[in-house]
Amino acid sequence: MRPDDAPTARDTPATEAPTAPAVPPVSSGTIAGSLLSSRYRLRTRVGTDPAAGAEFWRAEDTILRRDVAVTVLRRPAPGAAPADGLTDAARAEQMVVRALRAGSFEHPGCARLLDVLTPSGSTVPEDVLGAAVTEWVPGRSLGEVVADGLIKPLAAARAVAPLAAAAEAAHRHGLVLGCDHPQRVRVTPDGRAQLCFALPRPDITPADDVRGLGAVLYTFLTSQWPLSSADAALAGLAAAEHASDGTLPAPSELRPGVPVELDSLTRGALGPDDAAGHVHTAAAMQRLLGEVVAEEDRMALFPPAHDGVPSEPGDVWQDHDRSVTPPDPQRRRKMTVALAVLGAAVLVVLGYLGVQVGSLFASGGGAPVIVVEGGSPTQPSPGAAPGGSNLLAAVAGVEVYDHVGNRDNSGRVSRVIDGDPTSSWNTSAYRQQFPAFKPGVGIMVSFASAVQLSELTIQSQSAGTVVEVRSAPGVDAALEETTPIAEATLKNGATVVSMAGSQPVTHVLLWITHLSGSGSDYSSSIGEVEFQRAGV
């Protein structure tokens, strides 16, 4: 197998061996499921850059069985002017040269380039000028991260620092990243901003990268994208509002607690070239971010300024102004009464158990006889719970199941097993119903060992959501490897799904195939799931 450590341009030779069959070109455009160069299967389109004529796809390397990021450079529609004013041939040539020059560049702040596909390849669609394949960056998009709420200023500085270091290293090698488009940047699970998609516009300069770094930092601090409003809309971000003279409001004007250093850094990177304090290079951006982080680390012994974000459990300093419930003068008396009642209840239970154990030994260990009025004495059936009641099955783990998307709100999925139906997990908001963008999304529930289930209760306020209940051999099993058990259409409140007759399971997939909503707004939420195991 060809090693994939360095990118290679995939061209079809001018002549083929007489015995080699001809491969017909792909005539249609890129759609989910398309196979590029007989290797990369497009799964989900996660963004577009109209200025570069590019589409961003999450794809699968079918040979190495791994996720990759594919930037597809599309040919302009017939009669349309090219996005950058260049001819198709010129754009394709620049793309290949630029991508191959970046083939040896590696940095932790930038996804590694793996492959370059050229338009002469017979398995590349006719309307594709070329494509670049990079490593897939796990995590979330910039828009998804800021949608969860404000980010602490220090965390924002730490997130952008690796991306600034990558831009500085690229500029030293005569390269550019193209981080001035929000959908090219993704945020890793540990909070680092990383460039995921290659092939920036041919006319992009290092100065554009500096403005892009300032824009990413500004977005972390304010949840607003300060550059192109069209790019902001594509990324699901709010566009920053400029003053009448074209200046941006400082981040500290939009939220409290932003250090003056980050205020100056964002305005310096995004301001005019001739403005006082303008940041001209990525090296300066990297150095200033490093100084901010180092200063914050030195000041960790002092309480931080209030920044509008609640303190987290791991923070050294907690909110000192947190409201405290005044003491109840009757609390001690109430606790004493409650403990006395509890102690009496424990004694009653222990006495009852003692009587039952004694009668068990006295009767020779046989099961107690149950007499049904009007009937004859019977013995309880093996495996039945006393009184016929079922027991809740303890869930060992839960995660979002999505092999083609970004695992909708994966950080909140534990809410479906927290015992509080009012806290819920939500899917992302979609403009079209499944399966327009992807076939579905699910929740994978795991138990510590195989358990026989009798029914499932789903608490939800998303009436009309269709859920398939499937058993799975493992948490990473493909959908076709799972086995359907039941299907239910959720109603507002509790929906009970019978699982009688199913086999013992260790993993259960709740696969959502139809979202709640209408028009151009589709999403579903689940507040709580409870599994009843068969009586034991």
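In contact with a Gly (Cβ under 9 Å, 6 or more places away or on another chain), closer than 24 Å to Arg412 by Cα and touching a residue at least 12 places away in the same chain (Cβ under 8 Å): does that describe Ser446? Answer is yes for this residue. Residues that are surrounded by fewer than 15 Cβ atoms within 10 Å (Cβ to Cβ), modelled with pLDDT of 80 or more, of a type outside the set (Ser, Thr, Tyr) and assigned to a helix (DSSP H, G or I): does segment 80-95 have at least one? Within segment 80-95, not a single residue is surrounded by fewer than 15 Cβ atoms within 10 Å (Cβ to Cβ), modelled with pLDDT of 80 or more, of a type outside the set (Ser, Thr, Tyr) and assigned to a helix (DSSP H, G or I).
When Ala164 is tested against (1) under 24 Å from the mean Cα position of the chain (by Cα); (2) surrounded by fewer than 24 Cβ atoms within 10 Å (Cβ to Cβ), just one condition goes unmet, and that condition is (2).
Can you find a residue that is farther than 22 Å from Tyr430 by Cα and modelled with pLDDT under 90 anywhere in segment 63-70? No, segment 63-70 contains no residue that is farther than 22 Å from Tyr430 by Cα and modelled with pLDDT under 90. Of the helices (runs of 4 or more DSSP H) lying entirely inside segment 115-224, those containing at least 1 residues that are over 19 Å from Arg287 (Cβ atoms) and in contact with a strand residue (DSSP E or B) (Cβ under 8 Å, 6 or more places away or on another chain) span 142-147, 206-222. Considering Val293, Val309, Val279, which residue is assigned by TED's automatic domain parsing to the domain that holds Pro249, surrounded by 11 or more Cβ atoms within 10 Å (Cβ to Cβ) and either in a loop (DSSP other than H, G, I, E, B) or at pLDDT below 60 (or both)? Going through Val293, Val309, Val279 in turn, just one is assigned by TED's automatic domain parsing to the domain that holds Pro249, surrounded by 11 or more Cβ atoms within 10 Å (Cβ to Cβ) and either in a loop (DSSP other than H, G, I, E, B) or at pLDDT below 60 (or both): Val279. For first residues located in segment 161-185 and free of Cβ contacts under 8 Å to residues at least 40 places away in the same chain, partners that are of a type in the set (Ser, Thr, Tyr) and lie 6+ apart or on another chain with Cβ distances below 7 Å form the pairs Val176/Thr205. Looking at the structure I just gave you, is Gly103 assigned to a helix (DSSP H, G or I) and modelled with pLDDT under 90? Yes. Please tell me if Ser454 is surrounded by fewer than 17 Cβ atoms within 10 Å (Cβ to Cβ) and closer than 22 Å to Leu391 by Cβ. No: the conditions fail for Ser454. Before we move on, is Val505 at pLDDT 95 or above and more than 13 Å from Thr427 (Cβ to Cβ)? Against the criterion (at pLDDT 95 or above and more than 13 Å from Thr427 (Cβ to Cβ)), Val505 does not qualify. Checked against the criterion of being under 30 Å from Ala233 (Cβ atoms) and either of a type in the set (Asp, Glu) or modelled with pLDDT under 90 (or both), segment 521-528 has at least one qualifying residue. If you check Arg267, Arg211, Arg298 for being at pLDDT 95 or above and out of contact with any Cys (no Cβ under 8 Å at 6 or more places or on another chain), only one passes: Arg211. Residues in segment 510-536 that are touching a helix residue (DSSP H, G or I) at 6+ places or on another chain (Cβ under 8 Å) and either assigned to a strand (DSSP E or B) or without any contact (Cβ under 8 Å) to a residue 60 or more places away in the chain (or both): Trp511, Ile526, Glu528, Val529.
The values are calculated or read from the model by the stated rules, or taken from the named source; none is laboratory data. Fair warning: this is a prediction, and the values are worked out from it, not measured in the lab. Because the Cβ atoms are built from the backbone with ideal geometry, glycine has one as well, and the counts that use them run over all protein chains shown.
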